[in-house]
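No value in this document is a laboratory result; all are computed from the given coordinates. Since the model is a prediction, treat every value here as computed from it, not as a measurement. All Cβ positions, glycine included, derive from the backbone under ideal geometry; neighbour counts span all protein chains shown.
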Amino acid sequence: MTGELPPELSPDLIRGLTQPRVSRRSALKFGGLSALGLALSACSIAGTKGKGGNLGGRAWRDEIDKFWSEQKKKGHFDFENWPLYMDQGAKASDHPSLNLFTKQTGITVTYREDISDNSGYYGKIAPQLSAGQSIGADIIVITNGFELENLFERDWLIPLDQSRMTNFYKYSSELVRDPSYDRGNVYTMAWQSGITGIGYNPKLIGHEITGWKDLLDPKLSGKIGMFNNSEDLAAAAMCALGIDPERSTPSDWTKAADWLKKQRPLVRKYYDQSYADALAKGDLWATMAWSGDIFLKQADNPDLKFVIPEEGGVIWTDNMCIPVHAQHPLDAMIYMDYVYQPKIAEMLAAYINYITPVPAVQPLFAKEAKDATSKADKDTYATLASSPLIFPKPADFARLHRYRVLPSKERKAWNALFEPIYQS
Amino acid sequence: MTALVGPTLEEAFEEDRRRAPAPRRGSARRGWLLPIWGWVVILWLSSPIIVMIVFGLNDGRGRVVSTKWNGLTLKWYAQLFDNADLTTALENSITIALLTTIIAVVLGTLMGVALGKFRFRGSGSVTLLLFANIAAPEVVLGAALLSLFLSANIPRGYGTILIAHVMFSLAYVVVTVRARMAGLDPAMEEAARDLGAGPFVTFFRVTLPIIMPGVLAGGLLAFALSIDDYIITSFNNGSTLTFPLYVYGASQRNGGGVPPQVNVMGTIIFAFGVLVALGGAVASRRKT
Amino acid sequence: MSALRIRRRLAPYALVLPGWLWLVIFFVVPTVSMLSVSTMTGNDLDGFKQTFHFSTYSDAWTQYHVQILRSLRYGLAATVICLVIAYPVAYWIAFRGGRYKSSLLFLLLLPFFVSFVIRTQSWQFMLSDHGMVIGLLRDLHLAGDHTQILQTSTAVVGGLVYNFLPFTVLPIYVALERVDPALLEAGSDLYANKATAFRKVVLPLSLPGVFAAVLLTFVPVASDYVNAQILGGSQTTMIGTVIQTEYFTNLNYPLAASLSFILMGVLLIGIFLYARLLGTDDVLEMAAR
């Protein structure tokens, strides 16, 4: 039966199947869209490398000196910081140390508590800095970590005027002088440091917590909290395995990721910062925590405790730095060195409850305790003077490690290992 | 979100007036299961609101809502604007919502009138565009707009939030106005034309007053959508904060917990919304 | 053609133009732009260049298919639960509401005047381990020490159902409301009892409303992620959170863009399959009601 089509393939069907379905209008639409698409494909997103400000590229000593010699005192500067990171007077918006600074130097300060986490804040300022705009702040406070490293790489910070850091070099602790993440304190001066350890409620658990290994206890299943940023998570796991995070290698990272994966079914949630509330409410029984947060919640709920894990904890530092295009760098510089005077550092340390960068504050607290008239004041200062969370002992320091310094180009493997832990 | 409130409520009130209740048939004992289900659902939907109102009255020491009951107080109502960042965020939300409503109502009414009144080539594709806009997930809308701003190097802030809000509320206004246009008697406009009125006069004196309930409903919708939007705004806000963004940020940061003023503001916005809706209902009962 | 005639012909286009332009510039162009971004390569430091690198899509699926499928699962679960809850409520208001129909509807929608972030926050408070709900269950001996509602998929789906219920109730209500009571009378005249009348008369007539309800509920529910962030835990991340993280923390714009398209594509496929199933091709009319 040659020449005859099978019945399913009638000529009408074939005509229908082979006729172009595209009408004129839809062709126009499609054509328009693809033209648009081609036009857009020529677009690209500009990179942020080396888009430095006043001092582009690698700033040399001469250029820095020249820059600073040209700066004049303007009589004002803008300070952006984290919440609860400044001493308070009668009202929450009253800051005695800032008032004292203004009285003694004549420079006024606008203080804003805009920073609540590093990556969010960095995401906020990066586009403006990348476009060469001022972010409206002269001092910002960034934790040592990936975001600070990003700021270094892109030359988005103004190198400090070393000649105006006399108080800093005289009074700063070894922890914050010439730190591994900013050798020579080129860009940063520490504001406060803190410890990442474990916060827990022994009443709900039934026993004390001593180390990271306790967070692998199946009896605590569903009541464990961890942080949702890779630096803290990785550092905690590496400490638990006895590895120094600062000198860790990619194979160490894999081991740490395995530890975290083992722990995952027990973890209730990977928290931004709301773990303290959950711990206070009883939703969590033990959680990764910042020393200062637990200190604060203990006022409401005295059952809560904080411990530096015996395998090792993490110590981090929040640093003052000056972003490029700052309008009042000299005034900022004056303030940054001002707070290293022991008397001023003492005013701040009494409220902030984190690790002050000025060790000389401790004998000052002891003296206050001795001279105090009321029992309440005596107790407060005695507690402050002896608290290992504000003045860690050398034995504690031996157990505390810093984050791994990682340039952004090397983060791909790190992210691939750790992000699935808290992002699944 | 009150996405369909406007047209449906309006229709509901009109239907009530027009239709006489259906004659009852069947046994005198009506089923009791349905009403119980209905009331349980209504109660369940209202429970967080009650919690919010109650906690707006809860005393507390700190800057965040206390999780324990500390006694009744009205002090948060007095200290409503003590938190500068929260107040700025609320201001931003309200001003953006107002501007969005104005722009969306103007553009949307024009579009709705055109689609409802004329039959023209391309009306199908315009309707498809509107449908795609309503159906597209918020994440995609927000992310796409962000991609555009990144490619074109436009800094994100108040202006970009406004652009985004008009973009996603426009379609709802158009749909609402167009539905209202369906009930418009063309004879009215013809009569006006016969009396010598030009197109502009006809529009402002005849068409607009008749479709005004639809325009108002669309405006109310746009306002509600804009003031409560989180996802699209979070992609395009830069460093500007709106009320939902602030509340969400506060709850996830600083150890968790929102300032007590948030609950008070929520209560006030709630009361305001109730008044507006009641007012609208009373007004539409009075008219016609 | 006379000037009047030309003006008449152009009138609709002129009226539509401003709104249309706004949507084209800020909706269509961005979507195409995102398509373009999804095939770029590079990094935040050096910039991104267009390289037509389509394998980003398969990378995105490999890395995040768990979250994508989870979002769909939660979306489906929440939509079904919404339907089950919403239909009786819509029926109750439409058929038994009588004079109070509008007031009941109003009462139902009242809570949604308050920002959904605040409402979800309240849920977070109510559902905490030592909060009202579990406390009550514990008193009734229905819960133990380790019972938790927050940070489970139940909490997330519950939150989704709560926040999107009106999207389901309203379309069904509108459809039921238009059912002519005369039809029901005719049914009982033909000796049908209430159940049969419902099955054979009301239900089929309400199907367009059900379809619109599913459409208007499933898409936002599957792509919402805020509920999961507030009420969820370590195993409940939805795809929206991932997209946000890729955009803002990892600055991996191509990956984020391709994830958005995958999500949209999957949802569109779902919608069209559903439309075919119901035999309704006029998707437009249903949603526009």
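For segment C:140-242, the Cβ-based charge dipole about the Cα centre amounts to some 160 debye (Lys, Arg positive; Asp, Glu negative; other atoms uncharged). Extension gain for A:L216 to A:R177 (0.36 nm times residue separation, less C-alpha to C-alpha distance): 10.5 nm. A cut-off of 5 Å between modelled amide H atoms, ignoring neighbours fewer than 5 places along the same chain, links A:A289 with A:G197, A:I198, A:G199. Averaging Cα coordinates gives a centre for segment A:297-343 and one for segment A:165-181; these two points are 13 Å apart. Could you check which residue among A:R411, A:R402, A:R268 shows the biggest mean-square fluctuation in a GNM of chain A with a 10 Å Cα cutoff? Maximum fluctuation in the GNM of chain A, among the listed residues, is at A:R411. For the segment C:210-219, counting C-beta atoms of other chains within 10 Å of every residue's C-beta and taking the mean gives 1. In sequence order, segment B:179-193 has phi-based couplings of 4, 5, 4, 4, x, 7, 7, x, 4, 4, 5, 4, 4, 4, 5 Hz under the Karplus curve 6.51 cos²θ - 1.76 cosθ + 1.60, θ = phi - 60°, and Gly or Pro positions carry x. Dipole check for segment C:58-288: with +1 at the C-beta of Lys and Arg, -1 at the C-beta of Asp and Glu, and the Cα centre as origin, the magnitude is about 420 Debye. Helical runs (DSSP H, four residues minimum) scored at -39500 (n - 2.57) apiece and divided by the length of the protein assembly as shown put the mean residue ellipticity at 222 nm at -18500 deg cm²/dmol. Applying the Karplus relation 6.51 cos²θ - 1.76 cosθ + 1.60 with θ = phi - 60° to segment A:361-377 yields 3J(HN,Hα) values of 5, 4, x, 5, 4, 4, 5, 4, 4, 5, 7, 4, 8, 8, 5, 4, 4 Hz, where x marks Gly and Pro. Which residue fluctuates most in the GNM of chain C (Cα springs below 10 Å): C:H141, C:H65, C:H130? Among C:H141, C:H65, C:H130, the largest mean-square fluctuation in the Gaussian network model of chain C belongs to C:H141.
When you look at the Cβ of every residue in B:127-133, what mean number of other chain Cβ atoms sits within 10 Å?
Mean partner-chain Cβ count within 10 Å for B:127-133: 5.
Between B:R121 and C:T51, the simple label model (points 7 Å from Cα in the Cβ direction) yields a spacing of 4.5 nm.
In this structure, the amide hydrogen of A:G222, modeled 1.01 Å from its nitrogen in the peptide plane, lies closer than 5 angstrom to those of A:V267, A:R268, counting only residues at least 5 positions away or on a different chain. About its Cα centre, the dipole of the protein assembly as shown is roughly 3000 debye, where the only charges are +1 on Lys and Arg Cβ and -1 on Asp and Glu Cβ. Anisotropy class assigned to the protein assembly as shown is prolate, per the alpha carbon gyration tensor with a/c at or over the 1.5 cut-off and a/b larger than b/c. Rounded to the nearest whole Hz, the Karplus-based 3J(HN,Hα) values (6.51 cos²θ - 1.76 cosθ + 1.60, θ = phi - 60°) of segment A:108-120 follow the sequence 8, 10, 9, 10, 10, 9, 7, 9, 10, 7, 5, 5, x, with x at glycine and proline. For segment A:145-180, backbone nitrogen atoms closer than 18 Å to the point 7 Å from A:E410 Cα along Cα-to-C-beta are found at A:145-154, A:179-180.
Going down the table (A:K203/A:K393; A:K213/A:K262; A:K297/A:K367; A:K66/A:K124), which pairs top 21 Å between alpha carbons?
Details: A:K203/A:K393 28 Å; A:K213/A:K262 12 Å; A:K297/A:K367 27 Å; A:K66/A:K124 30 Å.
From A:K203/A:K393; A:K213/A:K262; A:K297/A:K367; A:K66/A:K124, over 21 Å: A:K203/A:K393; A:K297/A:K367; A:K66/A:K124.
Exposure proxy for C:L21, A:L241: other Cβ atoms within 10 Å of each Cβ, ordered fewest to most, give C:L21, A:L241.
Placing unit charges on the Cβ atoms of the charged side chains and taking the dipole of segment C:58-288 about its Cα centre, the candidate lying farthest along the positive direction among C:T237, C:Q63, C:L109 is C:L109. Between C:Y274, C:N252, C:P171, the Cα set farthest toward the positive side of the dipole of segment C:58-288 (charges on each charged residue's Cβ, about the Cα centre) is that of C:P171. Dipole of segment A:139-226 computed with +1 at Lys/Arg Cβ and -1 at Asp/Glu Cβ about the Cα centre; of A:H207, A:S173, A:N185, farthest Cα towards the positive end is A:H207. Peptide A:120-131 has a mean shielding of 4, counted as Cβ atoms of other protein chains within 10 Å of each residue's Cβ.
Rounded to the nearest 10 degrees, the angle from helix A:342-352 to the longest Cα principal axis of chain A is 50 degrees.
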